[in-house]
């Protein structure tokens with residue numbers, strides 16, 4: 001609910017539309033990004049989380065990126081651009097090459113492609129208990145992270161990794177950049 005709360009806060013503060021878009025698409029890349037700017041990128045992480053046995057992480061990573069590109073096209077461009085994933089259409093403004101150029105922007109999130117069946121999938125950030133939009137009813141679901149999990153997470157973060165988060169609602173999934181860009185290929 002934290003991303004939804006950010007949207008409500010942005011509307012209540014009459015945030016200019018261009019700023020609203022920038023923070024959702026690239027809030028993590030703004031200089032000295034604030035917690036709320038990082039939360040805004042949760043828009044791009046509102047995708048399915050697959051935890052089924054036999055799931056192939058690389059396949060689901062690509063499906064998550066495709067979901068981001070298709071959502072960007074629908075929400076911000078007013079176009080359905082999913083056809084361009086496989087081929088060009090003679091009269092469509094987005095070519096297959098353009099589609100994969102957009103794909104490259106969203107292909108740099110350090111995610112596994114699969115996640116837990118009841119929680120957030122990395123990368124995520126911790127929600128401070130002082131988050132202004134939590135009601136008393138919602139606050140009861142924010143549980144402190146057990147010491148053993150915190151130590152494992154801190155160890156993994158030292159290695160540049162985050163573990164999937166199961167059942168702890170005190171985090172929010174966000175966009176982050178990998179140190180090195182992933183290769184993006186044009187489907188032929």
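The values are calculated or read from the model by the stated rules, or taken from the named source; none is laboratory data. Bear in mind the structure is a predicted one, so any value in this text is a computation, not a measurement. Reconstructed Cβ throughout: ideal geometry from the backbone, glycine too, with neighbour counts over all protein chains shown.
Points to keep in mind about this one:
- In region 13-33, the condition of being over 14 Å from the mean Cα position of the chain (by Cα) and under 20 Å from residue 111 (Cβ atoms) is met by at least one residue.
- Top-ranked residue of region 75-84 - restricted to ones that are assigned to a helix (DSSP H, G or I) and touching a helix residue (DSSP H, G or I) at 6+ places or on another chain (Cβ under 6 Å), ranked as surrounded by the most Cβ atoms within 10 Å (Cβ to Cβ): 84
- Enumeration of residues in region 93-109 that are surrounded by fewer than 16 Cβ atoms within 10 Å (Cβ to Cβ) and in a loop (DSSP other than H, G, I, E, B): 93, 95
- Qualifying residue in region 146-159 (condition: assigned to a helix (DSSP H, G or I), within 27 Å of residue 29 (Cβ to Cβ), within 21 Å of the chain's Cα centre (by Cα) and at pLDDT 90 or above): no
- Looking across 103, 43, 20, one residue alone is free of Cβ contacts under 8 Å to residues at least 60 places away in the same chain and over 17 Å from residue 122 (Cα atoms). It is 20.
- The set of residues in region 28-74 being within 15 Å of residue 10 (Cβ to Cβ), out of contact with any helix residue (DSSP H, G or I) (no Cβ under 7 Å at 6 or more places or on another chain) and part of a helix (DSSP H, G or I) consists of 35 alone.
- Check on residue 79, more than 12 Å from the chain's Cα centre (by Cα) and modelled with pLDDT of 90 or more: yes
- Residues in region 9-19 include none that are surrounded by fewer than 17 Cβ atoms within 10 Å (Cβ to Cβ), at pLDDT 90 or above and under 27 Å from residue 183 (Cβ atoms).
- Test: residue in region 82-95 that is on the phi < 0 side of the Ramachandran plot and within 12 Å of the chain's Cα centre (by Cα): no
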